[in-house]
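The values are calculated or read from the model by the stated rules, or taken from the named source; none is laboratory data. It should be emphasised that the depicted structure is a prediction, and the values quoted were computed from it without experimental measurement. In this analysis, Cβ positions are derived from the backbone assuming ideal geometry, glycine residues included, and neighbour counts consider all displayed protein chains. Surface areas here come from the heavy atoms of the whole protein model, side chains and all, with no ligands, DNA or RNA. Shrake-Rupley method; radii C 1.70, N 1.55, O 1.52, S 1.80 Å.
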Amino acid sequence: MRRSIKKVLIANRGEIALRVIRACREVGVTTVAVYSDADRGALHVLHADEAYRLGPAPAAESYLRGDLILDVARRTGADAIHPGYGFLSENAEFAEACAAAGVTFIGPPASAMRVLGSKTRARQAADAAGMPRVPGSVTGLADVAEAVRVAAGIGYPVMLKAAAGGGGKGMRAVSRAEDLAAAFTAASSEAERSFGSGEVYLEKLIERPRHIEIQLMADEHGSCVYLGERECSVQRRHQKVIEEAPSAVVGEDLRRRMGEAAVRLALSAGYVNAGTVEFLVDDKENFYFLEMNTRLQVEHPVTEMVTGLDLVHLQLRVAMGERLPLTQEDVRLRGHAIECRIYAEDPENQFFPSPGLITRLIQPSGPGIREDCAVYEGWNVPLDYDPMLSKLVAFAETREQAIDRMLRALEEYVIGGIKTNIGLFRRILMDEDFRAARIDTGYLERLLAEPDAPVREDVPEDVVAFAAALFAASARRETTVADVAEERRWAVAGRREGLRL
């Protein structure tokens with residue numbers, strides 16, 4: 001049924017709120033932003049057509065208050081709500097409340113969300129759809145005793161996971177039976193704090209797999225297409241750090257098999273709108289269902305770059321009741337895209353968050369560079385939320401070219417006043433194993449356990465000479481390419497500062 005959407009309330013913050021605002025503006029839809037006290041001066045507030053306060057900084061008193069968000073929708077006449085990702089994006093009760101209020105929820109129906117949004121129910125649906133999955137429990141564990149029985153049946157190592165969430169929260173790897181009880185308590189407590197549900201399940205830990213996911217888009221008329229895959233194996237504590245599309249190891253046959261399995265699962269649950277099915281893949285190209293994210297993903301830009309599609313535009317069209325404007329045969333992948341998640345955190349201090357005032361900001365640009373960002377010079381990064389500042393994306397014809405383009409962009413990137421993980425990305429992108437695509441979900445932890453990488457032999461001569469000069473000037477200090485890049489970035493920043501009146 002065709003529905004008109006004229007005003008969208010974005011029930012989120014940061015770069016994803018700004019991303020949705022821009023997409024709405026491109027199709028002539030008015031936007032409403034909501035904000036907490038910590039976000040009064042945020043870019044999504046400044047860019048929206050209207051903006052309304054929700055409450056204090058804590059998410060539980062602002063962005064997680066569905067009743068307050070729906071009240072703003074009622075007062076402003078918003079006829080649709082886009083939840084972004086995180087917060088209420090996978091909350092079936094909120095989706096139902098939107099429907100009851102006569103507001104279109106730009107996402108899957110609550111019924112599909114209940115089947116696929118819960119990790120345990122999604123595993124049951126995967127079994128029913130005939131999808132291969134990782135051995136383990138298909139329902140939440142009642143207690144430690146049940147966890148012990150399941151683990152004994154499938155063998156160690158095992159992984160405990162929160163049934164209601166994602167992002168690495170409520171997850172614990174266990175390699176010995178004597179550690180299971182403590183891990184169960186810790187995982188359940190973290191899941192309760194993060195998602196409001198302490199339910200956890202257990203599965204066999206597959207060692208050194210690749211994490212590969214399939215992007216889906218479905219309409220309410222029974223059409224569903226897969227839009228290629230994303231490689232998300234570079235992770236720290238189960239949180240994605242770098243994403244790329246396509247995967248360097250996925251060929252046409254594996255892509256088709258994974259895509260068709262993902263579509264089969266979505267159709268079996270009556271899924272509509274954007275979603276992602278995540279898999280673990282071993283070195284023999286066996287794939288195992290992991291979970292489904294019933295929302296738009298953080299890493300959706302890399303899929304947009306290699307398909308030429310705008311996923312938020314498609315979300316809006318599907319939410320209006322339109323048919324998908326493409327078939328599976330229309331989907332073509334070209335080039336390679338890499339995304340780095342830029343965080344306000346200190347990699348040299350156990351990755352602690354680094355909130356505070358951004359005193360200087362020089363953002364990269366140029367051919368093939370996209371940045372989804374919602375910070376600005378003079379913005380105070382709050383401590384209350386996830387510390388992601390931006391998503392930097394590089395696109396080129398080949399993976400090697402995309403890596404080199406990203407390195408160039410990272411050299412241009414200056415964020416003053418706070419600590420960031422920009423230097424970490426340079427180290428990853430110069431690592432021989434990463435460049436050769438020899439990666440798995442444990443790759444980054446192994447890299448971090450090593451000393452800093454030495455200077456590469458193919459570094460340009462002027463950079464090597466500059467590095468040698470720095471080495472001579474700093475007694476017994478080993479200079480790396482990352483050090484050189486840092487000096488170059490701050491030199492550029494200093495020259496630009498000198499031009500300011």
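Assorted remarks:
- Share of carbon and sulfur in the accessible heavy-atom surface of region 26-142 [1.4 Å probe, %]: 52
- Taking label positions 7 Å along the Cα-Cβ direction at both F352 and Y156, the computed distance is 3.3 nm, reported to one decimal.
- FRET efficiency, 1/(1 + (r/R0)^6) with R0 35 Å, evaluated for R435 and R22 via beta carbons: 0.60
- Ligands, DNA and RNA are left out, and with a 1.4 angstrom probe the accessible area of region 57-186 is 39 Å² per residue.
- Whole-Å distance, taken between Cα centres, linking region 311-383 and region 242-260: 21
- The average projected area of the chain, computed from the convex hull of its Cα atoms over all directions, is 24.5 nm².
- Formal net charge of residues neighbouring A80 (Cβ-Cβ distance under 9 Å; K, R +1; D, E -1): +2
- Each peptide in 104-110, 118-124 receives the mean, over its residues, of other Cβ atoms within 10 Å, and ordering these scores from highest gives 104-110, 118-124.
- Per-residue Karplus couplings for region 274-290, computed as 6.51 cos²θ - 1.76 cosθ + 1.60 with θ equal to phi - 60°, are listed in order as 7, x, 9, 9, 9, 10, 9, 10, 8, 6, 9, 6, 7, 10, 10, 4, 10 Hz, Gly and Pro entered as x.
- Under 12 Å, Cβ to Cβ, from N286 - net charge with Lys/Arg +1 and Asp/Glu -1: +1
- Taking 16 Å as the straight-line reach from the Cα of K284, the aspartates and glutamates in range (excluding those fewer than 8 positions away in the same chain) are E207, E252, D253, D440.
- Added length on full extension, which subtracts the Cα-Cα distance from 0.36 nm per residue, D143 to E377: 79.3 nm
- Accessible area per residue for region 267-353, computed on protein heavy atoms with a 1.4 Å probe, is 36 Å².
- With 18 Å as the limit on Cα-Cα distance, the pairs of K161/K240; K7/K391; K119/K161; K161/K204; K240/K391 that go past it are K7/K391.
- An ellipsoid equivalent to region 266-319, defined through the eigenvalues of its Cα gyration tensor, has semi-axes of 23, 16, 9 Å when rounded to whole angstrom and sorted largest first.
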